[in-house]
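Below: one structure, written as structure tokens.
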Amino acid sequence: MHIEFNCVGVVGAGAMGRGIAQIAAQAGSRVLLFDNSPTACEKAIAAVHEQWDKLAAKGRLTPEQVQANKSHLQIAAALDEFKACDLVIEAIVERLDVKQALFKDLESRVDDTVVLVTNTSSLSVTAIAAALRLPGRFAGYHFFNPVPLMKVVEVIAGLKTAPEVCARLSRYAQQMGHQAVTAQDTPGFIVNHAGRGYGTEALRLVSEGVCDFATADRILKDQVGFRLGPFELLDLTALDVSHPVMESIYRQYYDEPRYRPSVITAQRLAGGVLGKKTGDGFYAYDEGRARLAPEPPVPEVESMPPVWVSTRAARRSELLQLLKNLGARIETGASPSAQALTIVAPLGFDVTTVAVVERLDPARTLGIDMLVDDQATKRRVIATNPATRTDMRAAAHALFARDGKPVSVIRDSGGFVTQRVVATIVNIACDICQQGICSPRDLETAVTLGLGYPLGPLAMGDRFGPANVLEVLFNMQTVYGDPRYRPSPWLRRRGAIGLSLMPVAANWAMGNNSKLPSYGSVANIGLAGFTLLVVILLSRSNV
């Protein structure tokens, strides 16, 4: 098989450089590994050899393959040895001045035909290339840790990168067993950009006192299917890594509200409460295992009140059937009786707003999140408001737990937990597409492989309904008055007319979700206002 790059130089023998060297050698390239510390290179090669020996012991590599791989991987004593290379990959410290100095030095040592790439995760590819005489041969080649297991690599073109360079890098990624996705040179590229919504929105809702860290993790794992909750993930990556990335992308986008970091992580970083590696993070750890507090017990209720469901509730018919299955006494009048437990199911609104708008007694009113089909979710989430009576809270908790499904009770929140986190993820992804940072297909691939989400963010938006996600954002923006929740034009236009978030012609997504009634009120003010503006503009034109 023709190898795109016969000889590859790797600068930096840390975890990233070691992993890149491993997969390049496995692809059949001769790999020269250089580090300012010769000992680091020796340790790195020993670790890679050990990995290959383990794979052979498991029958995943033959002894002949192991021997061939080991023969491909060598130590370079000096950068001058890279004269034999046709690709050089940098994987050193994330400092612009250091990277620029390295590549300027490399350019004086290698032929003009050699492709130079950086594994940067946060710096501008164009800025690094600005120090080069031939920036057309320079690109970003961003791998993820651990490199052999994370099967995606971002190929990033700087402003002056030649198209053929990115094409060659994409082909080589495939030869190394990875999926290449191409991105514009923007802060965070694809994966780190798309990943802004999950942790930052979870931090925001905890900072509002909506729930604790463990409850947020349980809800998002059980309702959406994330393998790790946001706080489990932050503990795994460690705050000395994740918080600077939050701040970097926020600042590089000139304080864009969608990416606003949290004082929670800033304070914990300052205090050295970094996560699993320090034994203390959002969870405490014993020998690497998180200490998990038990879930609150289901309260015992002697006498269950009758239940009345708002006529504007999302998935109202499904909610009524659920209550019937749970054995509730359901009231069917136009308004609840003086004894009734009152249930609302808003999209994006908080329970307080709904109680006021619908003139319900807030002391007896609770909300339930019905964005996710009850048959699909492993957990139900109900929310109180500041006036909810203790007996009504207990009754609702006991009622919705009758069939054994876990129930989380949270404080009032626009969008509960799942709605606001999912909507934020989808909205950021839509804006990535709107900005043309990458193709929708590459976005979905990068996020599922790079972040391990159960679905790509656009597919996630289609699953829950673009119109529903749009409604959640409109209503959350009303509740919080924060431009953080303003919908991307990509989402606003497709959600308003019922199109799939994936650009497939004539794919009408709303028909699949039309059983979810609009909650009305402020959400429709947003949609109606948008429609009215179009009508006014058209009426004033001569077209």
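The values are calculated or read from the model by the stated rules, or taken from the named source; none is laboratory data. Note that the structure is a prediction, hence the values are computed from the model and not measured. Cβ coordinates were reconstructed from backbone atoms using ideal geometry, including for glycine residues, and neighbour counts include every protein chain displayed. Surface areas here come from the heavy atoms of the whole protein model, side chains and all, with no ligands, DNA or RNA. Shrake-Rupley method; radii C 1.70, N 1.55, O 1.52, S 1.80 Å.
Taking only the C-alpha atoms of segment 194-252, Rg followed by Dmax gives 11.5, 34 Å. Each Lys or Arg adds one and each Asp or Glu takes one away; over the other residues whose Cβ falls under 15 Å from the Cβ of ILE249, this sums to -3.
Percentage of Cα-Cα pair distances in the chain greater than 38 Å, rounded to whole percent?
Value for the chain (Cα pairs over 38 Å): 38 percent.
At the residue level, LEU236 shows approximately 100 square angstrom of accessible surface with a 1.4 angstrom probe and all protein chains present. Largest accessible area first, the residues ARG133, ARG364 order themselves as ARG133, ARG364 under a 1.4 Å probe with ligands, DNA and RNA left out.
If one computes the Cα centroid of segment 82-104 and of segment 179-244, what distance in Å separates the two points? Spelled out, the Cα-based centre of one part sits 30 Å from the other. Across the options PRO297, LEU371, TYR283, the greatest Cα extent toward the positive end of the charge dipole of segment 271-392 (unit charges at beta carbon of Lys, Arg, Asp, Glu) belongs to LEU371. For segment 1-148, the tally of Lys pairs with Cα-Cα distances below 21 Å comes to 6, considering only residues 8 or more apart or on different chains. Across the alpha-carbon set of segment 336-461, the Rg to Rh ratio works out to 1.09, Rh being the Kirkwood radius.
A cut-off under 12 angstrom between Cβ atoms defines the neighbours of GLN100, and their net charge, with Lys, Arg +1 and Asp, Glu -1, is -1. A straight Cα-to-Cα reach below 18 Å connects LYS221 with the lysines LYS378, LYS405, residues fewer than 8 places away in its own chain not being considered. Per-residue SASA remark: TRP308, around 10 Å² accessible (1.4 Å probe; ligands, DNA and RNA not included). Note that segment 105-154 carries a Kirkwood radius of 12.0 Å, evaluated over its alpha carbons pair by pair.
Heavy-atom accessible area, probed at 1.4 angstrom with all protein chains present, ranks LYS70, LYS160, LYS151 as LYS160, LYS151, LYS70, highest first. In loop segments of segment 209-248 as defined by DSSP, the trypsin sites (Lys or Arg not before Pro) with at most 14 further C-beta atoms inside 10 Å of their C-beta are ARG227.
Packing around the peptides 294-307, 342-355, 6-19, taken as the average count of other Cβ atoms within 10 Å per residue, puts them in this order, highest first: 342-355, 6-19, 294-307.
3J(HN,Hα) along segment 438-454: 7, 7, x, 5, 5, 4, 4, 5, 4, 6, 5, 7, x, 10, x, 5, x Hz, from the Karplus curve 6.51 cos²θ - 1.76 cosθ + 1.60 with θ = phi - 60°, whole Hz, x for Gly and Pro. Sparsely packed loop sites in segment 167-262 (the GluC sites (Glu not before Pro) outside DSSP H, G, I, E and B with at most 14 other Cβ atoms within 10 Å) comprise GLU208.
The residues of the chain present an accessible area of 43 Å² per residue when probed at 1.4 Å with all protein chains retained.
Once you list every other residue whose beta carbon is under 12 Å from the beta carbon of PHE400, what net charge do they have if Lys and Arg are +1 and Asp and Glu are -1? The answer is +2.
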